[in-house]
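Before any comments, here is the structure.
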There are 2 protein chains.
Amino acid sequence: MTHVHAFAAPDATSPLQPHTIERRDLKPTDIKIEILYSGVCHSDLHQARSEWGPSIYPLVPGHEIVGRVVAVGEQVTRFKAGDLAGVGCMVDSCQHCDACAEGLEQYCENGATWTYNSRERDTKAPTHGGYSTEIVVTEGFAVHVPETLDLKGVAPLLCAGITMYSPLNHWKIGKGHKVAIVGLGGLGHMGIKLAVAMGADVTLFTTSQGKAEDALRLGAHHVILSNDKAAMKAARSSFDFIISTVPTSHDLNPYLVTLKRDGHLVIVGALEPVGVSGVPLALQRRSVAGSNIGGIAETQKMLDFCAEHGIVADIEMIRMQDINTAYERMLKNDVKYRFVIDMAAFRAEQDQAAD
Amino acid sequence: MTHVHAFAAPDATSPLQPHTIERRDLKPTDIKIEILYSGVCHSDLHQARSEWGPSIYPLVPGHEIVGRVVAVGEQVTRFKAGDLAGVGCMVDSCQHCDACAEGLEQYCENGATWTYNSRERDTKAPTHGGYSTEIVVTEGFAVHVPETLDLKGVAPLLCAGITMYSPLNHWKIGKGHKVAIVGLGGLGHMGIKLAVAMGADVTLFTTSQGKAEDALRLGAHHVILSNDKAAMKAARSSFDFIISTVPTSHDLNPYLVTLKRDGHLVIVGALEPVGVSGVPLALQRRSVAGSNIGGIAETQKMLDFCAEHGIVADIEMIRMQDINTAYERMLKNDVKYRFVIDMAAFRAEQDQAAD
């Protein structure tokens, strides 16, 4: 057992604060990663505050982790010390159900082990995430991070990136497809970059005129203000595929009618009820689907795709100590487009303090 | 122009009553059909009462039509006098959009011409449905009716049958699939028969214990009472495909969680808003789709399939004069499972009266 520095939510109502956690000793297939950068996902905040049901406290959030391998177990074959490694939302799964067999560990029928706010399958010890100096994971749930990318912007790919890549990949989006992304935030900005790189014609739906310019800068070909009735009407039956990243309950019908026949609208943001009417679905055999992150092999594929196309997230780097301020700003959508914690700097400070 | 006997809604609030309508003279590709049987669909009632927006009055409902061809235009190649013929929900479409080119006239991008409460593409004359002694349609929108089936039970196949067959066919349901049908009415009872004939393992979801026995008689392999919490819990993640035939706004979430990963729930009944949460969709990449009747070629395929498997609707025959009583009973779900009007008898009475 190693004690490592971390930031944790002590309970559902207090701010995050410094905390010491235990990381397990290396098992034969484990790798130990010194964390360089840790992305800040909205779900970190939700779970820190027990907004998705009661969380396990103290809770160390963070599931967008990039770091460098510093030790490997004796049976590890895919990583060696010095390699870059990434860890996303999962650190384990049952490995024997149909979903796991298909590489869809996120849909594990026995429940995946999440990177934090979850429990180890064997010891039932709580898992702790990336707001910490080190993490130990089985190599099967770590991915290779291309050395060529700006690592700070890679961290958010491990959740925001794969959340958008997986539906685009699963529904085989590419050249010749018209794709729309609803909402420009951490997820939306990745959706634009990825769909554009896949060759699709990409439109952003937003309610904010201020985001239009940014969307075009990010590569979007078109922007539609969803409160512009004439523009919405002109967009009827025009998209093959839409991903809604809106994080709260919202009415899907204005977007559904902009899908072509047999088009899909995929929800990745809202876990709350969404408004759906039978008419726009039935009249052109449209569908609404959900999608949840991506499997480990697909996450690797996504990182390789990002390396090939030079894609990283647009980020704002913060100090670990500023996480509570970052949460408040995140609640006001005051971030373009993802906070990333400089864990390397935090580790250096801790090491210095200990000297 | 020929004058034919019919029953029509004179306005949105009056009962249906005897009415004389004009049927067009045969165009070169037209066939004239003496109607034998006309099914009574819930949408007849909705439109008679302007419940889907203002209808065109006087309105002659009926889009489940079986009859015998009595005359054909000079360019007609697929029918001859004496043939049985069926007409469903559509009598024309643009014939040049992508949907029409794919044989999906129901999704015609320029709007299909519906069998009633619609307007002819050329003359803009209102279309009139099957509650009449004759109909004239272009042969491309008539289907061949197998002589081997009980014709009274064939009429409802033209709407209720194809409405259920089309999603089962489109989503390639067959042997090895677990299918659930929500609701046992005109649509639901056809869904059970068709899905069973396709080789699927079929479950009925119903709130009514009284319908359980009937579902099993119709061929369903299992029945789940949707108000039985333990049974609903046991059914989690067990179906490949669900069709909800519930005609009103309803909460889909209890059914969504019974779908396996990547399963589809198709709405064919409710055109009102349905309750959908992001969680059951995202957690297993499930989807909710809509479906609207079927194309002409698919309708023919459905009739041929029904002939092969000896499938017709369970019906209760009524006299044309009893249509208003039938509507009231339909509103109370007091029909097993479709009313069919004996138009042959009505025509005979009219002929006798005219002698």
* Asked: Hey, does the stretch A:294-307 have a residue that's farther than 26 Å from B:Leu283 by Cα and touching a residue at least 12 places away in the same chain (Cβ under 8 Å)?
  -> yes
* Filter result for the condition that a residue is not in a helix (DSSP H, G or I) and not aromatic (Phe, Trp, Tyr), over A:Ala180, A:Ala155, A:Ala195 -> A:Ala180
* Asked: Looking at A:Ser14, is it outside the structural domain of A:Pro247 (by TED's automatic domain parsing) and either within 25 Å of A:Gly269 (Cβ to Cβ) or touching an Asp or Glu at 6+ places or on another chain (Cβ under 7 Å) (or both)?
  -> no
* Is the stretch B:131-142 home to any residue that is in a strand (DSSP E or B), among the charged types (D, E, K, R) and modelled with pLDDT of 95 or more? -> yes
* To do: Could you check how many residues of the stretch B:130-181 are under 16 Å from the mean Cα position of the chain (by Cα) and of a type in the set (Gly, Ala, Ser)?
  => 7
* So which residues in the stretch A:235-249 are part of a loop (DSSP other than H, G, I, E, B), over 21 Å from the mean Cα position of the chain (by Cα) and more than 8 Å from every other protein chain (Cβ to nearest Cβ), if there are any at all? -> A:Ala235, A:Arg236, A:Ser238
* Keeping to the stretch B:278-293, report how many residues are within 7 Å of chain A (Cβ to nearest Cβ) and free of Cβ contacts under 8 Å to residues at least 60 places away in the same chain. => 11
* **Test: residue in the stretch A:265-274 that is within 14 Å of chain B (Cβ to nearest Cβ), surrounded by fewer than 20 Cβ atoms within 10 Å (Cβ to Cβ) and in contact with a Ser or Thr (Cβ under 8 Å, 6 or more places away or on another chain)** => yes
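Can you tell me which residue is nearest to the other protein chains (Cβ to nearest Cβ) among those in the stretch B:137-188 that are more than 20 Å from B:Asp201 (Cβ to Cβ) and among the β-branched types (Val, Ile, Thr)?
So, considering only residues that are more than 20 Å from B:Asp201 (Cβ to Cβ) and among the β-branched types (Val, Ile, Thr), the one nearest to the other protein chains (Cβ to nearest Cβ) is B:Thr163.
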* Asked: Among the candidates B:Ala326, B:Ala348, which residue alone is without any contact (Cβ under 8 Å) to a residue 24 or more places away in the chain, more than 20 Å from B:Met90 (Cα to Cα) and in a helix (DSSP H, G or I)?
  -> B:Ala348
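The values are calculated or read from the model by the stated rules, or taken from the named source; none is laboratory data. Given the structure is predicted, the values throughout are model-derived calculations rather than measurements. Note that each Cβ is placed from the backbone with ideal geometry, even for glycine, and that neighbours are counted across all protein chains shown.
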